[in-house]
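Asker: A single structure is presented below for examination.
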Amino acid sequence: MTQTIIDELAGAFKSTIGLLRETIGNFDDDTWTRGATLFQVPAKVAYHDVECLDFYFRPAGSGKFAWGYRFGKPWWELANEEQPSQEALIAYLNELEERITAHLSHFRDETLGEIQDPGGDHVRTRR
């Protein structure tokens, strides 16, 4: 049986994660924690993006997600200079890439429309 959709989906996630990893690495120390507004700080945007991947790809049945568990507080509660380093976010992202790849490997094209976590927070969007 072919896995065309799953293979394409996994490839798209791998490419997107690679782009995010590369983008995180492109900032110097000075620009990493500076921005014109609260959400224009590269460290905050990157932390938000990576943590959302963690939220959507956490194991089924793992309970309520604790925003900020990895770095002590969520991005919106940390001052600019308290945001995670690029290296720390890339390490987090690398772990999530492995989890996402493993998660997607359990799917089959024909089962993509099924609800995977009926009691979860996002029955319609978290599959």
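The values are calculated or read from the model by the stated rules, or taken from the named source; none is laboratory data. What you see is a predicted model, and the numbers here were worked out from it, not measured in a lab. Cβ atoms come from the backbone with ideal geometry, glycine included; neighbour counts cover every protein chain shown. Heads up: the accessible areas ignore ligands, DNA and RNA and are worked out on the full protein's heavy atoms, side chains in. Shrake-Rupley method; radii C 1.70, N 1.55, O 1.52, S 1.80 Å.
Asker: Could you tell me what percent of the accessible area of the chain is made up of carbon and sulfur, with a 1.4 Å probe and every protein chain present? Can you show the working numbers first?
Answerer: Values: 4300 of 7760 Å².
On the chain, the fraction of accessible area on carbon and sulfur atoms equals 55 percent.
Asker: Also, quick follow-up: With every protein chain left in place, what is the accessible area per residue of region 11-71 in square angstrom, probe 1.4 Å?
Answerer: Heavy-atom SASA per residue in region 11-71 reads 57 Å².
Asker: OK, next. Nearest 500 deg cm²/dmol is fine: what mean residue ellipticity at 222 nm does the chain get from its DSSP H runs of n ≥ 4 alone, each adding -39,500 (n - 2.57), divided by its residue count?
Answerer: Values: 4 runs with 61 residues, N = 127.
Mean residue ellipticity, 222 nm, calculated: -16000 deg cm²/dmol.
Asker: For ASP7 and GLU114, calculate 0.36 nm times their separation in residues minus their Cα-Cα distance, and state this gained length in nm to one decimal. Please report the intermediate quantities before stating the final value.
Answerer: Working: separation 107, 0.36 × 107 = 38.52 nm, distance 1.77 nm.
Difference between extended and current length: 36.8 nm.
Asker: Using only the Cα atoms, what convex hull volume per residue in Å³ does the chain have? Show your work: numbers first, answer last.
Answerer: Working: hull volume 13.8 nm³, N = 127.
So the per-residue hull volume is 108 Å³.
Asker: In degrees, nearest 10, range 0 to 90: what is the angle between the Cα axis of helix 4-25 and the longest Cα principal axis of the chain?
Answerer: Approximately 10 degrees, to the nearest ten.
Asker: Please give the residues of region 75-101, grouped as numeric ranges, whose backbone N is less than 12 Å from a label point set 7 Å along the Cα-to-Cβ vector of HIS48.
Answerer: Label zone hits: 75-77.
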